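Working notes, structure below.
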Amino acid sequence: MKKILAALLAGAMLASLAGCGSGGSDTLAQIKKDGKLVMATNAAFPPFEYIAGNEPAGVDVDIAAEIAKDLGVTLEVSDMDFNAIIPAVQAGKASLGAAGMTVTDERKQQIDFSDEYVKSAQYVIIMKGSGITADSLGEAGVIIGVQEGTTGDFYATDDIKGDPNTEEVARYKNAIVASQDLMNGKCSAVIIDEMPAKSIVAANPDKLELLPDVLTEESYAIAVKKGDTAFLEQVNKTIARLKSEGKIDEFLIQHTGE
Ligand code: ARG
């Protein structure tokens, strides 16, 4: 019995060592080989990522550029659906995912998160004067627009409607198109993160307004391949440097045009 246990333990240790080895510094090696760091994102989420002219810009782009700089390589931004980011990181198609991504337990099963770099919350955008309140969002017939696969989607579906099969949550590719449908009368409200919500309302000040309610408390972090501790440490090192230099606040101010 003891022998079997010992053998099992040794096997488990070997397996975990092997796991470490294979995940160990895959990403760092790949980045150095390619001379570039690939950031997976969904660039319709100002001020964190958006398209300026033809180029991706934003707080996350600036942070990823600093990580690339610290590694002595260039940054390539790969714009995709939000739902495609975690699979891209898992498959090694991207070195990291930086997308104002909220740390959640479900996502922690799929990827590893860096240290958190910004606090956020879900906000509600409505048509000015429509009289929609946070309390009325759960009523029958009230359609809530969200970005598919985001924490706003999960909150609207699970917490407000309380039904995973609800047809009263309209799922869009991004919050900007969701807000266009809000202005076209196709939904009654849009739930999205604080700063993108403020940015969308600021771009349409005659039509849209923000409810004062704060629906959630969240934090953003960068996603890396599970078990790749060497690369994760490198990412955390750059984040720590940027925090100590006050750079993240600088990037936020820069990209909100304040
Ligand atoms: N914070 C939310 C989430 O993690 C929304 C992120 C959306 N990001 C984006 N780049 N579109 O689910």
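In a DSSP loop and with at most 14 other Cβ atoms within 10 Å, the trypsin sites (Lys or Arg not before Pro) in region 39-137 are K93, K128.
For region 104-210, what class follows from the C-alpha gyration tensor (a ≥ b ≥ c being the square roots of its eigenvalues): rounded when a/c is under 1.5, otherwise prolate if a/b is larger than b/c, else oblate?
On the way: a/c = 2.09, a/b = 1.34, b/c = 1.56.
Oblate, since a/c reaches 1.5 and b/c is not below a/b.
Measure nothing but the geometry: give the 0 to 90° angle between the long axis through the Cα atoms of 2-24 and the longest principal axis through the Cα atoms of the chain, rounded to 10°. Tilt of helix 2-24: around 60 degrees. Taking 18 Å as the cut-off, the amide N atoms of region 163-190 that come nearer than this to a point 7 Å along the Cα-to-beta-carbon line of D206 belong to 180-185. Cross-link partners of K161 among lysines, defined as those whose alpha carbon lies under 16 angstrom from its own and excluding same-chain residues fewer than eight positions apart, are absent.
Going from the residue with the fewest nearby Cβ atoms within 10 Å to the one with the most, S199, S179 rank S199, S179. Modelled spin labels at N54 and D34, positioned 7 Å past Cα toward Cβ, are 2.1 nm from each other.
May I ask for the Kirkwood hydrodynamic radius of region 59-169, worked out over all distinct Cα pairs and given in angstroms to one decimal? Don't skip to the answer; put the middle values down first.
On the way: mean 1/r = 0.0608 Å⁻¹.
One decimal place: 16.5 Å for the Kirkwood radius.
Given the rule -39500 (n - 2.57) for each run of at least 4 DSSP H residues, summed and divided by the residues of the chain, what is its mean residue ellipticity at 222 nm, to the nearest 500 deg cm²/dmol?
Details: 10 runs with 107 residues, N = 258.
My calculation for the chain gives -12500 deg cm²/dmol from helical runs alone.
Model label sites at M183 and T133, defined 7 Å from Cα along the beta-carbon direction, differ in position by 2.8 nm. Entry note, the chain: relative contact order of 28 percent, from Cα contacts under 8 Å with a spacing of 6+ residues.
Sorting M183, M39, M195 by the number of Cβ atoms found within 10 Å of their own Cβ, with the fewest placed first, yields M183, M195, M39.
Checking a compactness column here: for the chain, what do you get for Rg(Cα) / (2.2 N^0.38 Å), N being the number of residues?
Details: Rg = 20.6 Å, N = 258, 2.2 N^0.38 = 18.1 Å.
Here the answer is 1.13, to two decimals.
Of K69/K119; K33/K119; K108/K207; K69/K207, which ones are farther than 30 Å apart at the Cα? With Cα atoms farther than 30 Å apart: K33/K119; K108/K207; K69/K207. Given a Förster radius of 25 Å and the C-beta distance between D249 and D81 as r, what FRET efficiency does 1/(1 + (r/R0)^6) yield to the nearest 0.05? The computed FRET efficiency comes out at 0.25.
Using a Gaussian network model of the chain whose springs link C-alpha atoms within less than 10 Å, name the residue from V142, V224, V59 with the highest mean-square fluctuation. Top of the fluctuation ranking is V142. Legend: ranking of residues V73, V89 from fewest to most surrounding C-beta atoms inside 10 Å; resulting order V73, V89. Eigenvalues of the alpha-carbon gyration tensor of region 21-104, scaled by 5 and square-rooted, set the equivalent ellipsoid semi-axes at 21, 15, 10 angstrom, largest first.
Any read-out appearing in this document is the output of simple, stated calculations on the displayed coordinates, not a laboratory observation. Bear in mind that the values here come from a model prediction, so they are computed numbers and not experimental data. Ideal geometry is used to build each Cβ from the backbone, glycine not excepted, and the neighbour counts take in all protein chains shown.
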